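Just below is one structure, and these are the notes that go with it.
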Amino acid sequence: MYRDVSSFNTYNYGDALYWDARYIQEAKSFDWYQHYSSLRPVVRRYIPTSSRVLMVGCGNALMSEEMVEDGYENIMNIDISSVAIDIMRRKYEHVHQLNYMEMDARDMSFFPDKSFDAAVDKGTLDSLMCGSDDHISSVRMLREVSRILKPGGIYMLITYGDPKVRMPHLTQSIYNWKIVLYIIPRPGFEKPGGSSSNPQPEPVPISDTGLLPADFVLEDPDSHFIYVCKKMDETTEVSDISSNPLIADAL
């Protein structure tokens, strides 16, 4: 199994101009991959409602709103598109639990180190890996996510990328993330015979190298992968990074 759909298109999903144009044309709210109702069991398991949460690449999705309805108290939403941020800021100006800021996830220097308890990414890393300089962009974003997380904080990545294409990025020693993997079918998927999928996902066993067992079979070939990355302690200093080829190229 080797699947990374980000390589199948030529759009520059890391470009603000692309997203500005898209949000102007498509004003209706849209949630990438999964709705909050499907993600809720995993989100609630790892992110307390009292957490300060960063929504990385919020777009015009309803997920932050639905998290607030579910009891979450403090969600900072960022997006590279000024159009999306303007739409969402006006829409939720009276919802004090939600804040919106135009920002590139590759440079979140506005936020101090260790300023969030959790970061949720539903498709943003995938978008950057579709654009130009995808390797450099992904490294810069992940370094920033690690930097703004408190020790013990959670980076929750919801993606199309299976472990072969995502784990090499997530398991770099600079982050020192302990990773738990969940796999959930796409919305509307039914098992053969018409039965729906289990609404309470359980962790999927992975090898010491972060890969799925050789005999593992996806219930749905178009499943989504949820990587729950817990920041265990202080990250490696920049001076110690040069020996890591995935990181050094981005410096």
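Worth pointing out:
- Each residue of the range 50-58 was assigned a 3J(HN,Hα) from its phi angle through the Karplus expression (A = 6.51, B = -1.76, C = 1.60, θ = phi - 60°), giving 7, 5, 8, 10, 9, 8, 8, x, 6 Hz with x at Gly and Pro.
- Here's how it looks for Asn60: its modeled amide H is under 5 Å from those of Phe30, which are all 5 or more places away or on a different chain.
- Residues whose amide H falls under 5 Å from that of Asn77, counting only those 5 or more places apart or on a different chain, are Met55, Asn99, Tyr100, Met101, with hydrogens built in the peptide plane.
- Rounded to whole Hz, the Karplus (6.51, -1.76, 1.60) HN-Hα couplings of the range 105-119, x for glycine and proline: 4, 7, 9, 10, 4, 4, 8, x, 4, 6, 9, 10, 7, 7, 10
- Overall form of the range 87-196 per C-alpha gyration tensor (a/c, 1.5; a/b vs b/c): oblate
- In this structure the amide hydrogen of Arg52, modeled in the peptide plane, comes within under 5 Å of the amide hydrogens of Asp117, Ala118, none closer than 5 places in sequence on its chain.
- Straight-distance crosslink candidates among lysines, where the alpha carbon sits under 26 Å from Lys231 and sequence neighbours closer than 8 are dropped: Lys114, Lys122, Lys150, Lys164, Lys178
- The chymotrypsin sites (Phe, Trp or Tyr not before Pro) of the range 34-133 that DSSP puts in a loop, and whose beta carbon has at most 11 other beta carbons within 10 Å, are Phe110.
- Annotation: per residue accessible area for the range 39-178 equals 37 Å², rounded to a whole number [probe 1.4 Å, protein chains only].
- Carbon/sulfur fraction of accessible area - the range 37-123, other protein chains in place, 1.4 Å, %: 45
- Karplus (6.51, -1.76, 1.60) ³J(HN,Hα), θ = phi - 60°, over the range 220-232, in Hz, Gly and Pro reported as x: 10, x, 9, 4, 9, 10, 10, 9, 9, 10, 9, 6, 7
The values are calculated or read from the model by the stated rules, or taken from the named source; none is laboratory data. Small disclaimer: the values here were computed from a predicted structure and weren't measured. Here the Cβ is made from the backbone with ideal geometry for all residues, glycine too, and neighbour counts use every protein chain on show. These accessible areas exclude ligands, DNA and RNA; they are computed on the full protein's heavy atoms, side chains included. Shrake-Rupley method; radii C 1.70, N 1.55, O 1.52, S 1.80 Å.
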